[in-house]
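Here's the structure we're looking at; comments come further down.
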Amino acid sequence: MPEVKTYLEALMALDEAPLKLEPGQVIFSAGDAGREMFIVRAGSVDLRIGDTLLETVGQGGIFGEMALVDPAPRSATAVAGPDCTLVLLDVAAFNDLVRRVPGLALEVMRVMAGRLRRTNPAG
């Protein structure tokens, strides 16, 4: 995991056009089509379904990753927190990174599995 995180941090630093967002700005809404994932370069992003906060993603975290493997509409709404700067990663860029750093795909799968477990607790 440290190898992947270091690689993502390097990717964030190389991006020439990070997205700088205002607090409260909606990045995408549940039901939107998605073709990219995001890396939080600075600040945080809240993931919500309706009024329910699912998770706050901090610096170095990813979100929107399901759009890279599943064409279904977005399952949650992403809202920028204070001092939010993002790096966008589309399917082509993600596939290129996975070819060069196969561990990245495993790390993304771990993030997806963790989120799935939190939203569907065993019971």
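The values are calculated or read from the model by the stated rules, or taken from the named source; none is laboratory data. Predicted model only: the values in this text are computed from it and were never measured. Virtual Cβ from ideal backbone geometry, glycine too; neighbours counted across all protein chains shown. Please note that ligands, DNA and RNA were not included when accessible areas were found on the heavy atoms of the full protein model with its side chains. Shrake-Rupley method; radii C 1.70, N 1.55, O 1.52, S 1.80 Å.
Assorted remarks:
- Failed criterion for Val98 (all others in (1) in a helix (DSSP H, G or I); (2) in contact with a Pro (Cβ under 8 Å, 6 or more places away or on another chain) hold): (2)
- Residue pairs whose Cβ atoms lie under 8 Å apart, sitting 6 or more positions apart in sequence or on different chains, and linking a residue in the stretch 90-101 that is of a type in the set (A, V, I, L, M) to a partner that is open to solvent by 70 Å² or more (accessible area, probe 1.4 Å), are Val91/Arg35; Val101/Glu3.
- Taken over the stretch 56-72, the residue count meeting the criterion of being closer than 12 Å to Ile39 by Cα and in a helix (DSSP H, G or I) is 1.
- Odd one out for Leu104 among (1) open to solvent by 20 Å² or more (accessible area, probe 1.4 Å); (2) in contact with a helix residue (DSSP H, G or I) (Cβ under 9 Å, 6 or more places away or on another chain): (1)
- Condition met for Arg118 (touching a residue at least 24 places away in the same chain (Cβ under 8 Å), under 19 Å from Leu21 (Cα atoms) and basic (Lys, Arg)): no
- Positions within the stretch 78-91 being open to solvent by less than 60 Å² (accessible area, probe 1.4 Å) and not in a strand (DSSP E or B), in sequence order: Gly81, Val91
- Odd one out for Ser44 among (1) in contact with a Gly (Cβ under 8 Å, 6 or more places away or on another chain); (2) closer than 16 Å to Leu116 by Cα; (3) hydroxyl-bearing (Ser, Thr, Tyr): (2)
- Given (1) under 12 Å from the mean Cα position of the chain (by Cα); (2) modelled with pLDDT under 90, index of the condition Glu36 fails: (2)
- Among (1) over 18 Å from Ile27 (Cβ atoms); (2) part of a loop (DSSP other than H, G, I, E, B); (3) touching a residue at least 40 places away in the same chain (Cβ under 8 Å) - the single one Ser75 does not satisfy: (1)
- Here Ala113 meets each of (1) modelled with pLDDT of 90 or more; (2) in a helix (DSSP H, G or I) with one exception, condition (1).
- Residue satisfying all of: in the stretch 59-76; open to solvent by 30 Å² or more (accessible area, probe 1.4 Å) and under 12 Å from the mean Cα position of the chain (by Cα); nearest to Val45 (Cα to Cα) among these: Gln59
- Checking Leu54, Leu8, Leu106 one by one, the residue that is modelled with pLDDT of 80 or more and either in contact with an Asp or Glu (Cβ under 8 Å, 6 or more places away or on another chain) or not acidic (Asp, Glu) (or both) is Leu54 and no other.
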